[in-house]
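Enquirer: If you scroll down you'll find the structure; I have some questions about it.
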Amino acid sequence: MNWMSKRVRIRSSSKLHRRRAAIVAFAALLLLSVGGLWAYFTDSQSVSNAFTVVKYLKISIEEPAWDTTDTDGDGIPDASQNVTPTKEVAKDPQIKNESDTAVWMIAQVKVPYVTVATATDEGARQEEAPQQLFEWVLEEGWIEPEEPQLVDDGAAMLHTYLATQPVGVHKSTPPLFTKVRLINLIEGSFSGPCSIDITGCAIRAAGFETPEAAWSAYQTQNA
């Protein structure tokens, strides 16, 4: 073999080594690239938060001072039987929140509205006129935001009262009043059975800043 053929073989061998080195380098780069994909840090987390949803609101009307004793068993308490003009009867309706959330309370009082003759406190006779059969004094903690309304074809007057503060869980409102008084009827202008009907209403307190806003929402929902 002459020196020319040796030189060709040396150059061929050098090219082969360079090619192998390039392949090895590319393989290493590819390995690093794949390895880099696995090198990113990852994490995940989930949280389960338990809730209970209020099924419904529940309220009850209580009258601690109302004497329900019924000696003759006729369904009319002795304290409110055969009431005479100007007589006062203890009656202190309050509404208890038996729900698991605070509420705004509304109370509606329906009282007979009749045409009767009455006398002044001094005894002077007044002409017959339509008027409520009973009267009372609204206690603190309640407001009457609107004029009372005639209902039952004019046979009753309906008053709507709003508690001025939300009522907490298992708490009660102040009493609406502590007693009712039969107006000063002229003898014979009215007699017989009658009733004062009280209805309690509630709407959740959250979302309403004032009792008026709560009452408006209640009316809209129960129109």
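Enquirer: For the pair T101 and Q149, how long in nm is the line joining their label points, each one 7 Å along Cα→Cβ?
Expert: Computed distance between label sites T101 and Q149 equals 2.6 nm.
Enquirer: Estimate the FRET efficiency between E135 and D67 by the formula 1/(1 + (r/R0)^6), using the beta-carbon distance for r and 22 Å for R0, to the nearest 0.05.
Expert: 0.65
Enquirer: Return the long-range amide H neighbours of V116 (sequence gap of 5 or more, or a different chain), with a cut-off of under 5 Å between placed amide H atoms.
Expert: It is A129, Q131, by chain and number.
Enquirer: Still on this structure, I have one more. Give me, ordered by chain and number, the residues 5 or more places off I59 or on other chains with an amide H under 5 Å from its own placed amide H.
Expert: Long-range HN contacts for I59: E98.
Enquirer: Around E139, which amide H atoms from residues at least 5 apart in sequence, or from another chain, sit under 5 Å from its own amide H, with H modelled in the peptide plane?
Expert: Amide H neighbours of E139: F177.
Enquirer: Using the Karplus curve 6.51 cos²θ - 1.76 cosθ + 1.60 with θ = phi - 60°, what ³J(HN,Hα) values do you get for each residue of region 106-121, in whole Hz, with x for Gly and Pro?
Expert: Result, rounded to whole Hz: 10, 10, 10, 10, 10, 10, x, 10, 10, 8, 9, 9, 10, 10, 6, 4.
Enquirer: Residue by residue through region 144-156, what is 3J(HN,Hα) from phi via Karplus (6.51 cos²θ - 1.76 cosθ + 1.60, θ = phi - 60°)? Round to whole Hz and write x for glycine and proline.
Expert: Going residue by residue, I get 10, x, 8, 5, x, 10, 6, 9, 6, 6, x, 8, 8 Hz, with x marking Gly and Pro.
Enquirer: Also, quick follow-up: Just to check I understand the Karplus step: with θ = phi - 60° and J = 6.51 cos²θ - 1.76 cosθ + 1.60, what whole-Hz values come out for region 170-186, glycine and proline as x?
Expert: 6, 10, 10, 6, x, x, 5, 8, 10, 6, 10, 10, 6, 5, 7, 5, 6
Every number here is computed from the coordinates shown, using simple stated rules; none is lab data. If you're wondering where the values come from, they're calculated on a predicted model, not measured in any experiment. Quick reminder, even Gly has a Cβ in these numbers, built from the backbone with ideal geometry, and neighbours come from all protein chains shown.
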